[in-house]
1. Note the full-extension length gain between Arg193 and Glu250 as 0.36 nm times their separation in residues minus their Cα-Cα distance, in nm to one decimal.
2. Give me the extension gain from Met83 to Thr144: residue separation times 0.36 nm, minus the current Cα-Cα distance, reported in nm with one decimal.
3. If you take the beta carbon distance between Glu397 and Ala364 as r and set R0 to 35 Å, what does 1/(1 + (r/R0)^6) give as a FRET efficiency, to the nearest 0.05?
4. Just to check, using Stokes-Einstein with a Kirkwood Rh over alpha carbon pairs, what's the diffusion coefficient of the chain at 37 °C and 0.692 mPa s in µm²/s?
5. Can you tell me the alpha carbon radius of gyration of the stretch 150-231 divided by the globular rule-of-thumb value 2.2 N^0.38 Å?
6. Under a plain spin-label model, where a point goes 7 Å from the Cα along Cα-to-Cβ, how far apart in nm are Lys24 and Arg170?
7. Give the Debye-formula value of log10 I(q)/I(0) at each listed q (0.22 Å⁻¹), with one equal scatterer per alpha carbon of the stretch 263-400, two decimals each.
8. Taking the stretch 96-139, how much of its Cα-Cα pair set, in percent, is spaced more than 11 angstrom apart?
Amino acid sequence: MPRLVMKFGGTSVASIERIRNVAKHVARERAAGFDVAVVVSAMSGKTNELVGWCAEAAHLHDPREYDVVVSSGEQVTAGLLAMVLQDAGIPARSWLGWQAPVLTSDSHGSARILDIDGKGLIKGFAERGEVAVIAGFQGINKATGRITTLGRGGSDTSAVAVAAAIEADRCDIYTDVDGVYTTDPRIVPKARRLERVSFEEMLEMASLGAKVLQVRSVELAMLRKVKTFVRSSFDDPDHPRPGTLICDEEDIVENQVVTGIAFSKDEAQVTLRDVADRPGVAAAIFMPLAEANINVDMIIQVASEDSGATDMTFTVPTAEFERTKAILLKAQPQIGFASLHGANDVVKVSAIGIGMRSHAGVAARAFKALAEKGINIRAITTSEIKFSVLIEAAYTELAVRTLHSLYGLDKG
Ligand code: ADP
Ligand code: ASP
Ligand code: MG
């Protein structure tokens, strides 16, 4: 029988009633002739609550114990869905990460899946006609025998990895929107649903803040050629719509220059004033940050000709803001700068599209449009299929809407 992976996110399993609705989607696919593996997230809000408890329990908590705590949300939903399916007359059993097993690296809190043994799941299909209900987001490290988690939003990655492991025909990611949109439909009501989006663009959109899919899940789908759809669990289970297919570039007929706009508030800006303008100064600033595993993103350097000094502005993830400032202040004598300024109230807004490869001046139009709205750009980065601007967070919605209209993405 053909196999199918169905993944349900937090809002799709938020209550017993919602879980019963999930069971109806599963029943439909089973009746259509599929062997089904379901991957579930924790009930919505649960993981945040668990993360909060860890922070409250100990300021610098043991990451191994953090994973024990935060992985528990998925255990609950896996068991509940298996019960509800059984209650509906469908054979089902739950699988925790360590039972499947989902083998991962040992980077607790952001582990990578190394291998999934699909044999047990397949045996369940063949011998007992059983739906496999797998707890997403979690795995186990073989060497240490400890529970791991895959980073926030990691159930998407669990689902794609299970689909690759059992050679499923497709992987359906059910969520609270009916597909991937040109931008977050909660921010821009005029956002349009995309029929298809290329792996490359989806990868950029996810990396640049569109949390509809975890970045790693898109990488894995691209690498393992998993046919992945994003669709809604809120559709009528008897009349579901197909959602958005993530596919190869070649499979997209209608090409736009810009496909989507993403934004991320997970950026903090750091500016060092009056840095000596001499060889080696960038290394003096960025080496200590690299050694501390801090990812620097946008960088701009503004030299003033007469003073022989320069200002260096760059961004780091919000979570690393305090650590970055502390490291730089400690290294101030070696680097040599006059003062350090930081801002947390910034947002990175990005436009993504494979059409940028062949069109010039795409970013320039955005700079003009933002200027006309009185939005000041603090930093810019560009690459082959995207550009990003760093602006004051208060202007997020205005900037996203402005770019969305500028590139003709508004729905008519
Ligand atoms: P789940 O709990 O099902 O994993 P998430 O909250 O992680 O769901 O992801 C779905 C959300 O992603 C949507 O509710 C939407 O607000 C947000 N989102 C951000 N950008 C986009 C986009 N371009 N298209 C669709 N949804 C998006
Ligand atoms: N429950 C986890 C989270 O909230 C994983 C997921 O939902 O994908 O991040
Ligand atoms: Mg998610």
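The numbers here are math on the coordinates, done by the rules we state, and not lab data. Since we're looking at a predicted model, the values are computed, not measured. For neighbour counting, all protein chains shown are included, and Cβ atoms are generated from backbone atoms with ideal geometry for every residue, glycine included.
1. Working: separation 57, 0.36 × 57 = 20.52 nm, distance 1.94 nm.
Net length gain for the segment: 18.6 nm.
2. On the way: separation 61, 0.36 × 61 = 21.96 nm, distance 3.14 nm.
Difference between extended and current length: 18.8 nm.
3. Working: r = 23 Å, r/R0 = 0.65.
With R0 = 35 Å, the Cβ-Cβ based efficiency is 0.95.
4. Details: Rh = 23.0 Å.
Estimated via Stokes-Einstein, D reaches 143 µm²/s.
5. On the way: Rg = 12.2 Å, N = 82, 2.2 N^0.38 = 11.7 Å.
Scaled against compact globular proteins, the figure is 1.04.
6. About 2.0 nm separates the two model spin labels.
7. -1.29
8. Working: 619 of 946 pairs.
The proportion of pairs with Cα distances above 11 Å equals 65 percent.
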